[in-house]
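**Q** One structure is given below, represented as structure tokens, and several questions about it will come after.
The values are calculated or read from the model by the stated rules, or taken from the named source; none is laboratory data. Because the structure is predicted, anything quoted here is derived from the model rather than measured. Backbone-built Cβ (ideal geometry, glycine too); neighbour counts: all protein chains shown. Ligands, DNA and RNA are excluded from the accessible area calculation, which covers all protein heavy atoms including side chains. Shrake-Rupley method; radii C 1.70, N 1.55, O 1.52, S 1.80 Å.
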Amino acid sequence: MSLELFSALSANLLSPAVLFFVLGVAATLAKSDLRFPEALYATLTIYLLVAIGFKGGSAISKAGLATIWKPTLLAMSLGMVIPLLTYPALRFLGRLSPVDAAAISAHYGSVSAVTFIAATNYLRHVQLPYQEYSSAFLAVMEAPAIIVGVVLGRLGDPGARSIWTTVREAVREAVLGRSVVLLVGAMLIGWATGPKGAETTAGFFVAPFQGILALFLLEMGMVAARRFGDLRKVGTFLLGFGVVAPVLNALLGLLLARSIGLDRGTGVLLATLAASASYIAAPAAMRLSLPDANPTFYLTASLGITFPFNITVGLPLYLEMARRILPPSP
Amino acid sequence: MNPNVVTHPMKRVTIVCEKFAREPVLALVSEMGAHGWTLWEVEGSGNQGVRSADIPEFTNIQIEVIVQPRVAEALLGGLQQRFFPRYAMIAWESDVRVLRAGKF
């Protein structure tokens with residue numbers, strides 16, 4: 001292991017947020033009775049999505065739509081391309097059924113907001129600047145992969161209902177899901193109210209952010225560790241896929257970031273989004289649109305393997321990859 | 001017995017399922033002719049593992065409807081045909097007696 005990677009890794013693992021995540025994992029594995037009320041989980045999610053959306057919106061109003069449309073469009077197409085790449089791998093290397101391959105692909109093309117937020121936290125920790133408007137990438141990357149995944153799944157198994165009815169339902173589910181509504185809504189408000197809005201809400205959206213993220217990651221450590229029991233059920237291929245796919249997807253994200261000249265910090269965020277797998281929006285859409293796909297496969301892969309991997313080892317690894325691929329941040 | 005309290009035989013259908021099945025199950029409930037439903041979130045364990053209910057999406061729900069016997073039969077038939085193969089779900093019926101038979 002190179003010295004840079006080692007120091008990047010220890011910087012991440014010793015940040016409060018990640019240590020709280022590890023605490024959550026450890027508490028669950030040790031069968032502690034520690035447990036967050038469900039309402040607190042929901043509250044923390046709302047706070048994090050609104051805060052990140054609002055800050056992103058303010059940044060968009062500062063940068064201007066002319067600057068952000070191109071990288072945002074690229075992020076969106078990345079979300080559509082990833083499932084098209086992972087599907088054949090799952091289908092032919094992993095020998096999964098068409099519908100399972102499609103559902104897992106949708107999860108890996110779609111994104112995890114918490115992983116993205118942890119990445120911004122990590123970049124701040126290592127003092128690498130990035131564009132705050134990157135939350136726009138997060139907002140546009142959730143839905144496209146879900147739609148591609150549903151189409152792939154329905155092509156493999158046409159079923160009784162027409163493919164377009166299913167796709168319409170999936171689009172509705174993906175676009176009107178609570179996370180997208182909160183994120184995009186807060187982003188619009190942040191954009192409309194500009195620097196003044198940012199100033200008046202900074203005490204709530206900015207100052208307590210790190211602490212609330214740490215609390216949320218404590219909970220996520222518990223949620224992820226509760227899936228560890230299912231790791232035995234998914235087979236070695238999916239265990240490997242849960243680690244290899246994010247790294248390859250991150251590489252793709254970094255190459256695309258280089259092609260349009262994004263700075264290093266923002267490139268790491270795009271790579272992290274490419275690497276992350278959804279565990280809220282995509283499962284909900286898949287249960288509705290592809291109910292024959294086995295949830296143990298996609299939930300265990302995204303929540304039990306890829307999420308903990310990204311939070312601990314993935315983020316510093318993507319930063320190291322970015323150091324070799326992208327020019328330094330301005 | 002209070003002669004003013006007149007009860008009528010009805011069926012109560014209870015469905016416990018993963019929350020993701022909520023919308024399609026409620027659509028079936030009204031399609032089969034139930035006039036209402038009651039729903040709450042529950043946790044438990046069964047042959048598809050523990051539903052830890054740690055985050056809202058991973059919880060189980062319990063739905064209860066009070067219906068006439070023929071509606072209960074149609075509803076259970078619909079659940080068996082459309083949902084049992086795909087969703088984590090159990091369902092049963094039981095005899096109940098209700099006031100105001102016309103409500104159901």
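**Q** Determine which lysines satisfy two conditions relative to A:Lys55: a Cα distance under 29 Å, and not lying fewer than 8 residues away in the same chain.
**A** A:Lys55 reaches A:Lys70, A:Lys196.
**Q** Could you please state how large a percent of the accessible area of chain B is carbon and sulfur, counting protein chains only and using a 1.4 Å probe?
**A** It is 51 percent, rounded to a whole number.
**Q** Additional query: Test of understanding: extend the Cα→C-beta vector of A:Ala26 to 7 Å, then name every residue of region A:211-233 with backbone N under 14 Å from that spot.
**A** Under 14 Å, as judged by backbone N against the label point of A:Ala26, lie A:218, A:221-222 of region A:211-233.
**Q** If you take the square roots of the eigenvalues of the alpha-carbon gyration tensor of chain A and sort them as a ≥ b ≥ c, do you get rounded (a/c under 1.5), prolate (a/b over b/c) or oblate?
**A** rounded
**Q** Oh, and also: Return the single residue from A:Leu93, A:Leu303, A:Leu176 with maximal mean-square fluctuation; model: Gaussian network over chain A, springs between Cα atoms under 10 Å.
**A** Per the Cα network of chain A with a 10 Å cutoff, A:Leu93 tops the list.
**Q** Could you work out [θ]222 nm for chain B from helices alone, using -39500 (n - 2.57) per DSSP H run of at least four and dividing by all its residues? Round to the nearest 500 deg cm²/dmol.
**A** Here the helix-only value at 222 nm equals -7000 deg cm²/dmol.
**Q** To continue, here is another question. What accessible area, summed over both chains, is buried at the B-A interface (1.4 Å probe, Å², nearest 100)?
**A** When B and A are taken together, about 1600 Å² of accessible area is lost.
**Q** Tell me which of B:Leu26, B:Val67, B:Pro85 sits at the most positive position along the dipole axis of region B:8-103, charges placed on C-beta atoms (Lys, Arg +1; Asp, Glu -1).
**A** The one lying farthest along the dipole's positive direction is B:Val67.
**Q** If each of A:Gln127 and B:Met1 carries a label point 7 Å out from its Cα toward its Cβ, how far apart are those two points in nm?
**A** For A:Gln127 paired with B:Met1, the spin-label model returns 8.5 nm.
**Q** Go ahead and set up a Gaussian network model of chain A, Cα springs under 10 Å, then flag whichever of A:Ile212, A:Ile52, A:Ile280 fluctuates most.
**A** Evaluated over chain A, the most mobile residue of the options is A:Ile212.
**Q** Now for a separate question. On full extension of the chain, what length is gained from A:Met80 through A:Arg168, given 0.36 nm per residue of separation minus the C-alpha to C-alpha distance?
**A** 30.0 nm
**Q** Also, quick follow-up: Would you calculate, for chain A, the mean residue ellipticity at 222 nm contributed by helices, counting each DSSP H stretch of 4 or more residues as -39,500 (n - 2.57) and dividing by all residues, to the nearest 500?
**A** Theoretical 222 nm ellipticity from helices: -25000 deg cm²/dmol.
**Q** Give me the dipole magnitude in Debye, nearest 20, for chain B about the Cα centre, with unit charges on the beta carbon: positive for Lys and Arg, negative for Asp and Glu.
**A** 380 debye
**Q** Let me ask something additional. By accessible area of protein heavy atoms, probe 1.4 Å, what ranking do A:Asp292, B:Asp95, A:Asp263 get, highest first?
**A** The ordering from most to least exposed comes out as B:Asp95, A:Asp292, A:Asp263.
**Q** If one computes P(r) from the Cα atoms of region B:8-103, what percent of pairs lie at distances over 18 Å?
**A** I get 44 percent for the Cα pairs in region B:8-103 exceeding 18 Å.
**Q** Accessible area drop of at least 40 Å² (1.4 Å probe, protein heavy atoms): which residues of region A:25-48 qualify, relative to the chain alone?
**A** In region A:25-48, residues shielded by partner chains: A:Arg35, A:Glu38.
**Q** Just to be sure I understand: with springs between alpha-carbon atoms less than 10 Å apart, which residue in B:Arg70, B:Arg22, B:Arg86 has the highest mean-square fluctuation in the Gaussian network model of chain B?
**A** The residue that fluctuates most here is B:Arg86.
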